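Peer 1: Mind looking over this structure? Questions follow.
The values are calculated or read from the model by the stated rules, or taken from the named source; none is laboratory data. These numbers come from a predicted model, not from an experiment. Positions of Cβ are generated from backbone atoms using ideal geometry, with glycine treated the same way; all protein chains shown enter the neighbour counts.
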Amino acid sequence: MQLEYFHMIDRIVDLNVDEKTIVVEAQVPNASTIFEGHFPGYPLMPGVLLIESMAQASGWLQLGVLKFERMPILAAVKEAKVRGSVYPGDVMSIEATLSHQGSGYAVTEAKIRVGGKLRANSTLTFTQIPFPNADMRGHMDAIAKRVGFPQQAVSP
Amino acid sequence: MPTHRATLESDKYLQYIKGLVMSSTFDQVATIIAETCDIPRDTITPDSHAIDDLGIDSLDFLDIAFAIDKQFGIKLPLEKWTQEVNDGKATTEQYFVLKNLCARIDELVAAKGAGA
């Protein structure tokens, strides 16, 4: 995880495009400038970054289901709950399911667990847009490689 | 002629049933809009334009589409509609005036029922 670059996801553990589910892993770094302010003497993963992590897990799931034909963009956060704190060094297991695929939008349910314990969950809505340019597409391809996106899961 | 009369009556009956179905679709859609967007239910009429009259923006409309998709078991073809409006092939009134939206919903539900 590289917080400053919003690289939240380290690894795709499991992607099932038929069941429309994904499990990813993300380890919170031990040190980051973010923890210098949030908070001095009590470093804590910010709640918005937990939401971002769930959004990114949901994003990889949609990229899989849509076979990289569209880019999901977070549009709405509903029922987000931070049920317990996440600290530097924690390994988050994030799972997401696609609860509804609409016309140009989707809704997912996501959960973050640390050591098997639920720490956050949310319902997220995304718009799915055509890739705006080749740069972004190339960037997503590069990250897909880095997080071990299973290309065989989306091949015809 | 008895046959003629029977036809007339069944036409009337069909219109009556159609009216019932229409109003129930409208009632459901109006309730969804009222709850999703915090718009007083009594200000929503079949002639209301979702965007121009009710001021629903695209993000709120996503929520409404989600609720309609779920409730009616359909997929509102928002992308197709948007494309048609952008290309000048359709007007927003055809899709976003509520009585028209309800007619589109009924068509989609009927198409689904026919296995299309």
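Peer 1: For residue B:99, work out the one condition from (1) at pLDDT below 95; (2) more than 12 Å from chain A (Cβ to nearest Cβ); (3) in contact with an Asp or Glu (Cβ under 7 Å, 6 or more places away or on another chain) it doesn't fulfil.
Peer 2: Exception for residue B:99: condition (1).
Peer 1: Being polar (S, T, N, Q), within 14 Å of another protein chain (Cβ to nearest Cβ) and either in a strand (DSSP E or B) or touching a Phe, Trp or Tyr at 6+ places or on another chain (Cβ under 8 Å) (or both) is the filter here, so list the residues in region A:88-106 that pass it.
Peer 2: Initial filter on region A:88-106 (polar (S, T, N, Q)): A:93, A:97, A:99, A:101, A:103.
In the following step, the residues that additionally are within 14 Å of another protein chain (Cβ to nearest Cβ) were identified as A:99, A:101, A:103.
Once the filter is applied, which keeps residues that are polar (S, T, N, Q), within 14 Å of another protein chain (Cβ to nearest Cβ) and either in a strand (DSSP E or B) or touching a Phe, Trp or Tyr at 6+ places or on another chain (Cβ under 8 Å) (or both), region A:88-106 yields A:99, A:101.
Peer 1: State whether the residues of region A:145-155 include one that is within 14 Å of chain B (Cβ to nearest Cβ), crowded, with 17+ Cβ neighbours inside 10 Å and either under 28 Å from residue B:80 (Cα atoms) or of a type in the set (Gly, Ala, Ser) (or both). Show your work before the answer.
Peer 2: Initially, region A:145-155 is screened for residues within 14 Å of chain B (Cβ to nearest Cβ), giving none.
Among the residues of region A:145-155, not one is within 14 Å of chain B (Cβ to nearest Cβ), crowded, with 17+ Cβ neighbours inside 10 Å and either under 28 Å from residue B:80 (Cα atoms) or of a type in the set (Gly, Ala, Ser) (or both), which makes the answer no.
Peer 1: Look through region B:1-46, keep the residues that are surrounded by fewer than 11 Cβ atoms within 10 Å (Cβ to Cβ) and of a type in the set (Phe, Trp, Tyr), and return whichever of them is modelled with the lowest pLDDT.
Peer 2: We begin by selecting, within region B:1-46, every residue surrounded by fewer than 11 Cβ atoms within 10 Å (Cβ to Cβ); these are B:1-6, B:8-17, B:19-20, B:38, B:40, B:42.
Right, trim to of a type in the set (Phe, Trp, Tyr) and you get B:13, B:16.
Details: B:13: 76, B:16: 71.
Across region B:1-46, the extreme among qualifying residues is B:16.
Peer 1: Another question, if that's okay. Return yes or no: is residue A:51 away from every other protein chain (no Cβ under 14 Å) and either free of Cβ contacts under 8 Å to residues at least 60 places away in the same chain or surrounded by 15 or more Cβ atoms within 10 Å (Cβ to Cβ) (or both)? I'd like the intermediate steps shown before the answer.
Peer 2: Numbers: away from every other protein chain (no Cβ under 14 Å): yes; either free of Cβ contacts under 8 Å to residues at least 60 places away in the same chain or surrounded by 15 or more Cβ atoms within 10 Å (Cβ to Cβ) (or both): yes.
So residue A:51 fits the description; yes.
Peer 1: Pick out, from region B:44-116, the helices (runs of 4 or more DSSP H) lying fully within it that include 1 or more residues that are within 15 Å of residue B:30 (Cβ to Cβ). Walk me through how you get there before you give the answer.
Peer 2: Working: elements: B:58-72, B:78-86, B:92-96, B:98-113.
The helices (runs of 4 or more DSSP H) meeting that bar are B:58-72, B:92-96, B:98-113.
Peer 1: A follow-up question, please. When the residues of region A:19-42 are narrowed to those that are of a type in the set (Ser, Thr, Tyr) and surrounded by 10 or more Cβ atoms within 10 Å (Cβ to Cβ), which ends up modelled with the lowest pLDDT? Full working, then the answer.
Peer 2: First, the residues of region A:19-42 that are of a type in the set (Ser, Thr, Tyr): A:21, A:32-33, A:42.
Adding the requirement that they be surrounded by 10 or more Cβ atoms within 10 Å (Cβ to Cβ) leaves A:21, A:32.
Working: A:21: 98, A:32: 95.
Selected residue: A:32.
Peer 1: Here's a follow-up. Restricting attention to region A:103-144, and to residues there that are farther than 19 Å from residue A:20 by Cβ and among the small types (Gly, Ala, Ser), which single residue is surrounded by the most Cβ atoms within 10 Å (Cβ to Cβ)?
Peer 2: A:120
Peer 1: Quickly run through region B:78-114 and pick out the residues that are closer than 17 Å to residue B:53 by Cβ and not β-branched (Val, Ile, Thr).
Peer 2: Those that are closer than 17 Å to residue B:53 by Cβ and not β-branched (Val, Ile, Thr): B:93, B:94, B:95, B:96, B:98, B:99, B:100, B:101, B:102.
Peer 1: Also: Going by the structure shown, is residue B:89 in contact with a Phe, Trp or Tyr (Cβ under 9 Å, 6 or more places away or on another chain), basic (Lys, Arg), within 20 Å of residue A:104 (Cβ to Cβ) and away from every other protein chain (no Cβ under 13 Å)? Can you show your working first?
Peer 2: Numbers: in contact with a Phe, Trp or Tyr (Cβ under 9 Å, 6 or more places away or on another chain): no; basic (Lys, Arg): yes; within 20 Å of residue A:104 (Cβ to Cβ): yes; away from every other protein chain (no Cβ under 13 Å): yes.
Taking the combined requirement at face value, the residue does not satisfy it.
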